[in-house]
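Just below is one structure, and these are the notes that go with it.
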Amino acid sequence: TVPYLDETLALVAQPGRTRVHRRGSSLLVPAEDGTEALERWYRRAARSEIGSRLDRACARAGFSYSRLTIRGQRTRWASCSPNGAMSFNWRLLLAPEAVLDYVVWHEVCHLKVMDHSPRFWALLARHCPDYRDSSRWLRRHGATLVL
């Protein structure tokens with residue numbers, strides 16, 4: 001099994017398969033070393049999942065971003081550049097949904113305040129009141145978010 005936000009998906013190996021496909025609560029994966037295919041599936045899922053959450057958060061906050069990139073950085077969960085380019089780690093899909101939402105809101109707030117000043121944390125608290133719990137969870141468990 002593998003985590004997907006607040007769900008657990010069963011891995012079903014299928015000989016001859018080259019791409020991962022989700023069917024309900026199962027992921028159909030290649031029988032021969034499907035790890036690379038599984039990561040590609042998570043990257044595609046992250047673009048969709050994070051993109052829709054980012055769009056909703058920006059609409060609620062009245063901000064806009066210029067671009068979304070999905071990466072597999074080892075030391076960073078997400079970033080926001082001064083020109084509004086957003087980058088997120090696909091491994092966030094291995095975390096609880098609340099943690100993903102916190103990271104999305106964290107980066108959306110950087111569209112308004114680019115630093116971690118008290119003004120930034122106050123803005124984040126307005127949009128994501130429980131951000132401290134998710135931040136703590138990520139610090140404690142982030143290193144375990146691997147396939």
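See the values below:
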{"quantity": "Around Ala78: net Lys/Arg minus Asp/Glu count, Cβ-Cβ under 14 Å", "calculated": "+4"}
{"quantity": "The range 1-46 versus the range 55-82: alpha-carbon centroid distance in Å", "calculated": "25 Å"}
{"quantity": "Label-to-label distance, nm, for residues given as Ala98 and Arg60 (7 Å Cα→Cβ offset)", "calculated": "1.5 nm"}
{"quantity": "Net +/- balance of residues flanking Arg132 in space, Cβ distance below 15 Å, scoring K and R +1, D and E -1", "calculated": "+1"}
{"quantity": "Relative contact order, percent, the range 1-88 [alpha-carbon distance under 8 Å, six or more residues apart]", "calculated": "17 percent"}
{"quantity": "Average accessible area per residue (Å²) across the range 21-74 - probe 1.4 Å, nucleic acids and ligands excluded", "calculated": "59 Å²"}
{"quantity": "Packing-based ranking, highest mean first, of 100-107, 21-28 given that Cβ atoms within 10 Å are counted", "calculated": "100-107, 21-28"}
{"quantity": "0 to 90° range, to nearest 10: angle between helix 131-141 axis and the chain longest Cα axis", "calculated": "40 degrees"}
{"quantity": "Extension gain from Ala143 to Arg47, taking 0.36 nm per residue of separation minus the Cα-Cα distance", "calculated": "32.4 nm"}
{"quantity": "Helix-only [θ]222 nm of the chain, DSSP H runs n ≥ 4, -39500 (n - 2.57) each, per residue, nearest 500", "calculated": "-14000 deg cm²/dmol"}
{"quantity": "Computed over the range 70-128: relative contact order in percent, which uses C-alpha pairs under 8 Å that are six or more apart", "calculated": "28 percent"}
{"quantity": "Using alpha-carbon coordinates, inclination of helix 97-110 to the longest axis of the chain, degrees", "calculated": "40 degrees"}
{"quantity": "Overall Cα dimensions of the chain - principal axes, largest extent first, Å", "calculated": "54, 30, 26"}
{"quantity": "Mean separation of Cα contacts under 8 Å (6+ apart) over length of the range 10-147, as relative contact order %", "calculated": "17 percent"}
{"quantity": "Degrees, to the nearest 10: 35-61 long Cα axis against longest axis of the chain", "calculated": "30 degrees"}
{"quantity": "Percent carbon-and-sulfur accessible area, the range 8-147, ignoring ligands, DNA and RNA, probe 1.4 Å", "calculated": "49 percent"}
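The values are calculated or read from the model by the stated rules, or taken from the named source; none is laboratory data. Every value quoted in this text rests on a predicted model; they were computed, and no experiment measured them. Positions of Cβ are generated from backbone atoms using ideal geometry, with glycine treated the same way; all protein chains shown enter the neighbour counts. Ligands, DNA and RNA are excluded from the accessible area calculation, which covers all protein heavy atoms including side chains. Shrake-Rupley method; radii C 1.70, N 1.55, O 1.52, S 1.80 Å.
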